[in-house]
Every structure is written in C-alpha cells, then in structure tokens.
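Working notes, beginning with the structure itself.
The values are calculated or read from the model by the stated rules, or taken from the named source; none is laboratory data. Please read these numbers as outputs of a predicted model, since none were measured by experiment. Because the Cβ atoms are built from the backbone with ideal geometry, glycine has one as well, and the counts that use them run over all protein chains shown. The area values use the complete protein model at the heavy-atom level, side chains included, leaving out ligands, DNA and RNA. Shrake-Rupley method; radii C 1.70, N 1.55, O 1.52, S 1.80 Å.
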Amino acid sequence: MVKKIFISASLLGLLAVVLGAFAAHGLRDALNTTSLESFQTGVRYQMYHAFFLFVIGLMPQLQHQQKKCLFWLTLLGVFLFSGSIYLLATNVLTPIDFGFLGPITPIGGLLLISAWGLLGVCLLKRKK
C-alpha cells in the first residue's frame with residue numbers, strides 16, 4: 001500500500017506541475033481571469049494533496065487499513081474536486097458543456113475534508 005501511495009503522490013504532483021505550467025503559459029490568453037484562477041485552484045489543491053499522500057505514506061503511526069482509506073478518500077477527492085474544476089474552467093474551449101459537473105466539485109471537496117478529518121481521528125485514537 002505504501003508504494004501505491006508514493007507512486008500516486010508522485011503522479012499527482014507531476015501532473016499538478018504540468019497543469020500549472022499549462023495554465024500559466026497555454027491557457028493565459030484562452031481563458032478569462034476567473035476561469036484561469038479556478039483552474040489554478042484545482043492545481044493548488046491537487047499539489048497540496050500530493051504532499052498529503054506523501055505524509056500519509058511516511059507515517060508509521062497509521063495502520064495499513066487507515067492508510068488505505070486515506071489513500072482512496074484523497075485520490076477520489078482530488079479526481080472529483082480538481083478534475084471537475086479543470087473541466088469547468090476550460091468549458092469554453094470545448095464543444096462539450098461540462099456545466100453538469102458543478103455539483104461534483106463540492107463532493108470532491110467533502111472527500112478531501114473527510115480525509116483530513118479521518119487523519120485527525122486516527123491520530124487522536126492512537127494509543128502510545
């Protein structure tokens with residue numbers, strides 16, 4: 001599980017850097033300021049949670065099942081939160097209307113919040 005966490009964190013981080021550079025250089029002239037800022041918010045949260053996964057992988061205090069649950073909450077949360085933001089922010093560039101994804105973004109956010117909350121609960125319940 002730890003290897004899977006580290007590989008996923010690495011890929012999320014790599015993709016965040018690529019998408020951040022793409023936004024700064026490739027989308028700057030194609031999107032309005034609000035859409036570009038939204039896209040960058042998705043990139044930021046993706047990078048934050050790539051680091052979060054690295055920390056989870058490094059924590060010997062967490063049991064295997066706890067790491068597994070944190071991993072899936074985070075991965076699905078990033079996919080739904082950042083992924084929906086990327087599609088919504090670039091909606092004007094595609095023939096597909098991704099407006100239907102609007103309600104998906106907060107679900108992804110709730111999954112990310114749940115991951116942080118679960119980490120806190122796991123650490124509070126931990127016996128020395």
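Within the option set Thr33, Thr105, Thr94, Thr90, being farther than 21 Å from Leu124 by Cβ, among the hydroxyl-bearing types (Ser, Thr, Tyr) and within 16 Å of the chain's Cα centre (by Cα) holds for one residue only, Thr105. Scanning segment 1-32 for residues that are assigned to a loop (DSSP other than H, G, I, E, B) and over 14 Å from Gly57 (Cα atoms) returns Gly26, Leu27, Arg28, Asp29, Ala30, Leu31, Asn32. Restricting attention to segment 81-105 and to residues that are assigned to a helix (DSSP H, G or I) and open to solvent by 50 Å² or more (accessible area, probe 1.4 Å), the residue that is nearest to Asn32 (Cα to Cα) turns out to be Val92. Return a yes/no flag: does segment 15-36 have any residue that is touching a Cys at 6+ places or on another chain (Cβ under 9 Å), hydrophobic (A, V, I, L, M, F, W, C) and open to solvent by less than 20 Å² (accessible area, probe 1.4 Å). No, segment 15-36 contains no residue that is touching a Cys at 6+ places or on another chain (Cβ under 9 Å), hydrophobic (A, V, I, L, M, F, W, C) and open to solvent by less than 20 Å² (accessible area, probe 1.4 Å). Checked against (1) among the hydroxyl-bearing types (Ser, Thr, Tyr); (2) touching a residue at least 24 places away in the same chain (Cβ under 8 Å); (3) open to solvent by 30 Å² or more (accessible area, probe 1.4 Å), Tyr48 meets all criteria but (2). Among the residues here, Gln65 qualifies as modelled with pLDDT of 95 or more, under 23 Å from Lys125 (Cβ atoms) and part of a helix (DSSP H, G or I). Tell me, please, whether a residue that is open to solvent by less than 40 Å² (accessible area, probe 1.4 Å), part of a helix (DSSP H, G or I), modelled with pLDDT of 95 or more and more than 15 Å from Ile5 (Cα to Cα) can be found in segment 68-80. Yes; the residues of segment 68-80 include at least one that is open to solvent by less than 40 Å² (accessible area, probe 1.4 Å), part of a helix (DSSP H, G or I), modelled with pLDDT of 95 or more and more than 15 Å from Ile5 (Cα to Cα). Within segment 106-126, can you find the residues that are open to solvent by 50 Å² or more (accessible area, probe 1.4 Å) and either assigned to a helix (DSSP H, G or I) or in contact with a strand residue (DSSP E or B) (Cβ under 6 Å, 6 or more places away or on another chain) (or both)? Across segment 106-126, the qualifying residues are Pro106, Ile107, Leu110, Ile113, Ser114, Trp116, Val121, Leu123, Leu124, Lys125.
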